[in-house]
Amino acid sequence: MDAYDFVLLVLRVVLGLTMAAHGYNKFFGGGRIPGTAGWFESIGMKPGTFHARVAASTEMAAGIGLAVGLLTPVPAAGFVALMLVAAWTVHRHNGFFIVKEGWEYNLILAVTAVAIAGIGAGKLSLDYALFHGTAVWDYVQGWGGLAVAVVLGLAGGIGQLAIFFRPPAKTAG
């Protein structure tokens, strides 16, 4: 094992488990799915229960998939879609910086996942164990991995926003 593959493993595991923890919290944390559903409704993502389940499932699947390095561009696309929707619906009006609840954190998570898809998950991954030396290899890393992560992620996020996002009406106050 060399430092390159070890660092990729650490990066994938930390990033992936961070995202999976967000999904776990939606399923089993304080408000669980009903509380998360109410929050989704309040930000204009309706039906709330559907989005709570989709978000929680995607966060867990994308997080675990990235952590183990399985079909890495697909979980990276999940990160892009999730973070695009979060940035647009919750954080964009707050500016860039996270200290003001801006979209900085969303950008970092999405870009880091895309970078991993482009670099590849490394030798300490299921991608390497299952696909190295096969025709699939070009699609789980390099330009192919980068393209899959970006195109699928943007399509998923933009599609979800176009179909489901209905901004709440502003109240005078």
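Checked against (1) open to solvent by less than 20 Å² (accessible area, probe 1.4 Å); (2) in contact with an Asp or Glu (Cβ under 6 Å, 6 or more places away or on another chain), Ala56 meets all criteria but (2). In a helix (DSSP H, G or I), open to solvent by less than 50 Å² (accessible area, probe 1.4 Å) and either free of Cβ contacts under 8 Å to residues at least 24 places away in the same chain or out of contact with any strand residue (DSSP E or B) (no Cβ under 7 Å at 6 or more places or on another chain) (or both): does that describe Leu11? In short, no. Scanning segment 94-108 for residues being outside any loop (DSSP other than H, G, I, E, B) and surrounded by 20 or more Cβ atoms within 10 Å (Cβ to Cβ) gives a total of 1. Of all residues in segment 14-30, those satisfying the criterion of being assigned to a helix (DSSP H, G or I), of a type outside the set (Ser, Thr, Tyr) and open to solvent by 50 Å² or more (accessible area, probe 1.4 Å) are Val14, Leu17, Ala21, His22, Asn25, Phe27, Phe28. Quick one: is Ala129 part of a helix (DSSP H, G or I) and closer than 21 Å to Ile158 by Cβ? Here the answer is no, as Ala129 does not meet what is asked.
When you check Gly122 against the structure, is it in contact (Cβ under 8 Å) with a residue 60 or more places away in the chain and either in contact with a Gly (Cβ under 8 Å, 6 or more places away or on another chain) or among the aromatic types (Phe, Trp, Tyr) (or both), yes or no? Answer is yes for this residue. Read through the list (1) assigned to a loop (DSSP other than H, G, I, E, B); (2) of a type in the set (A, V, I, L, M, F, W, C); (3) closer than 23 Å to Thr18 by Cα, then give the number of the only condition that Ala169 fails. Of (1) assigned to a loop (DSSP other than H, G, I, E, B); (2) of a type in the set (A, V, I, L, M, F, W, C); (3) closer than 23 Å to Thr18 by Cα, only one is false for Ala169: (3). Looking only at segment 37-46, which residues are in contact (Cβ under 8 Å) with a residue 24 or more places away in the chain and open to solvent by 20 Å² or more (accessible area, probe 1.4 Å)? The answer is Ser42, Ile43, Lys46. Could you give every pair whose Cβ atoms fall below 6 Å, whose first residue belongs to segment 129-157 and is closer than 26 Å to Ala87 by Cα, and whose second residue is surrounded by fewer than 18 Cβ atoms within 10 Å (Cβ to Cβ), counting only separations of at least 6 or pairs across chains? Filtered contacts from segment 129-157: Gly144/Asp138. Of all the residues in segment 130-173, those that are closer than 30 Å to Gly44 by Cα, of a type in the set (Ser, Thr, Tyr) and surrounded by 13 or more Cβ atoms within 10 Å (Cβ to Cβ) number 0. Residue by residue through segment 110-125, note down the ones that are open to solvent by 70 Å² or more (accessible area, probe 1.4 Å), aliphatic (A, V, I, L, M) and in contact with a helix residue (DSSP H, G or I) (Cβ under 8 Å, 6 or more places away or on another chain). The answer is Ile119, and nothing else.
Taken over segment 71-93, the criterion of being open to solvent by 60 Å² or more (accessible area, probe 1.4 Å) and in a helix (DSSP H, G or I) is satisfied by Val74, Trp88, Arg92, His93.
The values are calculated or read from the model by the stated rules, or taken from the named source; none is laboratory data. Computed from a predicted structure; not experimentally measured. When we count neighbours, we look across all protein chains shown, and the Cβ atoms used for this are built from the backbone with ideal geometry, even at glycine. These area figures cover heavy atoms from the full protein model, side chains too; ligands, DNA and RNA do not enter into them. Shrake-Rupley method; radii C 1.70, N 1.55, O 1.52, S 1.80 Å.
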